[in-house]
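Reviewing the structure listed below.
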Amino acid sequence: MPELINRPEYLQQLIQHKDVDLVKIVTGIRRCGKSSLLDLFHQYLKEINVPDSNIIHINLESLRYRNLTDYLTFYDDVSVRIPTEGKTYLIFDELQAVEHWEKAIESFRIDFDVDIYITGSNAYLLSTEFSTLLSGRYVEIRMLPLSFKEFLTFYEFETAMTMEEKFQKYLQFGGMPILREYKFDEARSNQALEGIYSTVVLRDILQRNNKADQNMLQKIVLFLCSNIGSITSPNRIGNVLSNEGDIQNGKGKNVAGKTVDKYISMLHSAFIFYSVGRYDIKGKQLLKTLGKNYIIDLGFRNILLGYRDADRGHILENIIFLELIRRDYRVYIGKVGETEVDFVAEKPNDKLYIQVTESMQSPETRERELRPLRMIADNYEKIVLSMDRNYITSYEGIKSLNLIDWLLS
């Protein structure tokens, strides 16, 4: 078994929720490190002297458990192993393999003194029937690929390499933990990413949506990848694809748009893309139309489109979006009059307004980035993140920070 690499932020979350009477559900795209996290947690339980008999750890993708396909056999199999003395920790990996698993989980909670941890690779795990059954009794921990900070601890770099060069590697390879094995070998890393991507598409999307058309799905993925950080609507994508003859618009209104919408929600459910809604800052309301989509990992975008540096502004935006999610913000795109603020990031008692740009050197860019922020009347923090390293740290109270420094802060 490969050595476990610590992901302290996530492990800490599990430890903080330990023994709280809620089911802990770790969700995230395949191969982003969920199983390793459960292994780390298992290790932690042993370190604090929980007896082996009181830890039941099952990975349902292992053929050893191939007969545990429905909730009754699953329940019976696990129940007989739960000791009568002390609290037992139930750790279930890739639980979506068990049909109606939520009924078994609820029953364990009622029948035994247990603390339950589960993972799954798609959002169907948290689908309606499950949420209804366990409503208010679970906590979701969303796991993402490596942040830039984690990326720096995962890999070994040549001593002479600058932080900017390391960041360039992050933009190119992305943050899927498995790539560490290939030590920045581009061809092997790409093969590994293609393997993960195909598995997600085949197992988490096409198997679950048997009417879905693989060719169509791929076209929509490519469209979203090419338009990262651009405002799009399903109708607009539908029109582009119907003009190219990829999709029939039919006689009804927006048939293409509805089709695209369905496919995009499949991509959300498999955690490949995140959708961000728009928020009218002055009117203080969410707008129903036009959002943006960001990809879970830039490595996937690079294998699908080829690695190119042309679209750097939007790539940087994608990285900042994921970092805000990691830092537990709810993220929107801000609309101020006719202009846009890249991100409005909210926590219960905190709010940030953020603009992201490659550089603030040219007066035109500076004006374009600062204008929307100047139009916001409240006193929450306003920040422009760029790749610049200069001595100007503020423009009339709007902070100007180096993007890499912010990621590492």
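Considering the options Y44, L134, T84, tell which one lies farthest towards the positive end of the dipole of the stretch 8-142, charges being +1 on Lys and Arg and -1 on Asp and Glu at the Cβ, about the Cα centre. In the stretch 8-142, that residue is Y44. Debye-formula intensities of the stretch 268-409, expressed as log10 I(q)/I(0) at q = 0.09, 0.12, 0.16 Å⁻¹, are -0.27, -0.49, -0.89 (one equal scatterer per alpha-carbon, no solvent). The modelled label-to-label distance for the pair E396/S53, using points 7 Å beyond Cα in the direction of Cβ, is 7.2 nm. Beyond 19 Å, what percent of the Cα pairs of the stretch 21-70 remain? Cα-Cα pairs of the stretch 21-70 separated by over 19 Å account for 42 percent.
Taking 0.36 nm per residue of separation and subtracting the current Cα-Cα distance, fully stretching the chain between E364 and D309 would add 17.6 nm. Run the helix sum for the chain: -39,500 (n - 2.57) per DSSP H stretch of 4+ residues, divided by residue count, reported at 222 nm to the nearest 500 deg cm²/dmol. That comes out to -12000 deg cm²/dmol.
Working note: Cα atoms of the chain, range along each principal axis, descending, whole Å: 71, 59, 47. Only lysine pairs 8 or more places apart or on separate chains count here, and in the stretch 1-153 those with Cα atoms under 27 Å apart total 16. Taking all Cα pairs closer than 8 Å and separated by 6 or more residues, the relative contact order of the stretch 8-142 comes to 37 percent. Taking the C-alpha atoms only, the angle from helix 255-269 to the longest principal axis of the chain is near 60 degrees. Between M176, M143, M163, the GNM of the chain built on Cα springs shorter than 10 angstrom shows M163 fluctuating the most.
Determine the distance separating the Cα centre of the stretch 61-111 from the Cα centre of the stretch 200-242; give it in Å without decimals. Spelled out, the Cα-based centre of one part sits 35 Å from the other.
If you add up the charges near E150, with Lys and Arg at +1 and Asp and Glu at -1, over every other residue whose beta carbon is less than 9 angstrom from its beta carbon, what do you get?
+1
Using only the C-alpha atoms, the convex hull of the stretch 34-170 corresponds to 150 Å³ per residue. Sort the stretch 46-90 into rounded, prolate or oblate with this rule: let a ≥ b ≥ c be the square roots of the eigenvalues of the Cα gyration tensor; rounded if a/c is under 1.5, and if a/c is not under 1.5, prolate when a/b is larger than b/c, oblate otherwise. In terms of gyration-tensor shape, oblate. With a cut-off of 12 Å between beta carbons, the residues surrounding K166 carry a summed charge of -2, where Lys and Arg count +1 and Asp and Glu -1. The GNM of the chain, with springs linking C-alpha atoms under 10 angstrom apart, assigns the highest mean-square fluctuation among S269, S79, S35 to S79.
Each reported figure results from applying straightforward, stated rules to the coordinates on display, with no laboratory input. Values in this document were obtained by computation on a predicted structure and should not be read as measured data. Cβ sites come from the backbone with ideal geometry, for glycine too, and all protein chains shown count toward neighbours.
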